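Derivation of every value follows stated rules applied to the coordinates shown; laboratory data play no part. No experiment lies behind these values; they were computed from the predicted model shown. All Cβ positions, even for glycine, are placed from backbone atoms using ideal geometry, and neighbour counts span all protein chains on display.
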Ligand code: GDP
């Protein structure tokens, strides 16, 4: 559809540099060591990291041999297959279960696009007919609460917010309010933090435990929002937040910008947390489900 192709264009434009430098590798006439060396450099430049790059090169050589490919163009097509297969396990639909409410906790470093992504996610869920309640668990920064309130206003959903005090307590109240108001989904925003800030990571664990006390089996989702432009840092964040909180999914943002995109290959290889959504812009509608084949095509230019 037109809508689908417009986000694909945004994604492809975002990955343009990566796409053209990978595509460049296949413009010659021969399949030789130089081609594989150039490809290795291009994948590393695209943030795929050493492990995923090595994996992809070996996988590609196997495919080339099997297919008895003789043209660089054919090798490129096989690379698209290899990347797709590597990224496939990251594909997952976010589903809202029977629990009422389904509770989602959203975490990430400052500036990753957490609040924006919550706004987009809220719109997505509200459009699907879910009654959403937002919980502003960043009790410390007024600006963060205000920004979340703006998104709540734009998407026409309720918000539980509190100045000061314990983020766990606010989240607890929000889950209880979500039950009382018969909401389908409660989304808890949390203050941005670095995984190296250990006391703040402990605070997240506490919020998670508290959500479980407010409702059995919750939180149902623990989502990390990562900036797709931060390269190998994004992988480091996925590992650290997953170690601390057992993530259920990722939102990878800013893939419309100057992202290199290869970091998804690194994530797939080293810490395959599902990618529920990718962010391809600053507007409410700029949220898309992750499709491995389309992403691979965009990545390869
Ligand atoms: P937070 O600190 O993690 O809550 O980050 P924000 O949600 O405030 O986002 C930080 C900046 O990134 C804002 O200027 C957003 O508009 C921008 N942003 C968020 N997601 C995307 C995206 O997918 N694409 C682009 N281009 N910008 C984004």
Spatial separation of Cα centroids for the stretch 147-174 and the stretch 21-71, in angstrom: 48
Net length gained if the chain between residue 80 and residue 216 were fully extended (0.36 nm per residue, minus Cα distance): 44.7 nm
Give me the number: length gained by fully extending residue 27 to residue 176, i.e. 0.36 nm times residue separation minus the C-alpha to C-alpha distance, one decimal in nm. 47.7 nm
Cα→Cβ-extended label distance, 7 Å offset, between residue 44 and residue 197, nm: 3.4
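With a cut-off of 8 Å between alpha carbons and a minimum separation of six or more residues, what is the relative contact order of the stretch 157-219 in percent?
The value is 38 percent.
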What residue among 214, 259, 234 has the largest mean-square fluctuation in a Gaussian network model of the chain, using Cα springs under 10 Å? 214
Could you list 182, 145 in order of exposure, starting from the residue whose Cβ has the fewest other Cβ atoms within 10 Å? 182, 145
When 45, 201 are ordered from fewest to most other Cβ atoms inside 10 Å of their Cβ, what list results? 45, 201
Please tell me the relative contact order of the stretch 240-301 in percent, rounded to the nearest whole number, where contacts are Cα pairs under 8 Å and at least six residues apart. 33
For the chain, built as a Gaussian network whose Cα springs stay under 10 Å, the top-fluctuating residue of 37, 130, 91: 37
Exposure proxy order (Cβ contacts within 10 Å, fewest to most) of 238, 226: 238, 226
Helix-only [θ] at 222 nm, the chain, -39500 (n - 2.57) per DSSP H run of 4+, per residue, nearest 500, equals -17000 deg cm²/dmol
Helix 2-14 against the longest principal axis of the chain: what's the angle in degrees, Cα atoms only, rounded to the nearest 10? 70
Could you please state, rounded to a whole Å, how far the C-alpha centre of the stretch 262-288 is from the C-alpha centre of the stretch 76-134? 8
Check: C-alpha center the stretch 175-205 vs C-alpha center the stretch 230-254, spacing in Å is 16
Given R₀ = 45 Å, what would the calculated FRET efficiency be for residue 158 paired with residue 16, taking r from the Cβ atoms and rounding to 0.05? 0.65
Taking 8 Å as the Cα distance limit and 6 or more residues as the minimum spacing, I'd like the relative contact order of the chain as a percentage. 29
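Beyond 16 Å, what percent of the Cα pairs of the stretch 138-221 remain?
Cα-Cα pairs of the stretch 138-221 separated by over 16 Å account for 54 percent.
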Who wins for biggest fluctuation among 122, 196, 289 in a Gaussian network model of the chain, springs between alpha carbons below 10 Å? 196
When each pair of different Cα atoms in the chain is counted once in the 1/r mean, what is the Kirkwood radius in angstroms, to one decimal? 20.0
Calculated FRET efficiency, residue 61 and residue 289, Cβ-Cβ r, R0 30 Å, to nearest 0.05? 0.40
The stretch 1-147: percent of C-alpha pairs farther apart than 19 Å? 67
Multiply the residue gap between residue 36 and residue 258 by 0.36 nm, knock off their C-alpha separation, and tell me the result in nm, one decimal place. 77.4 nm
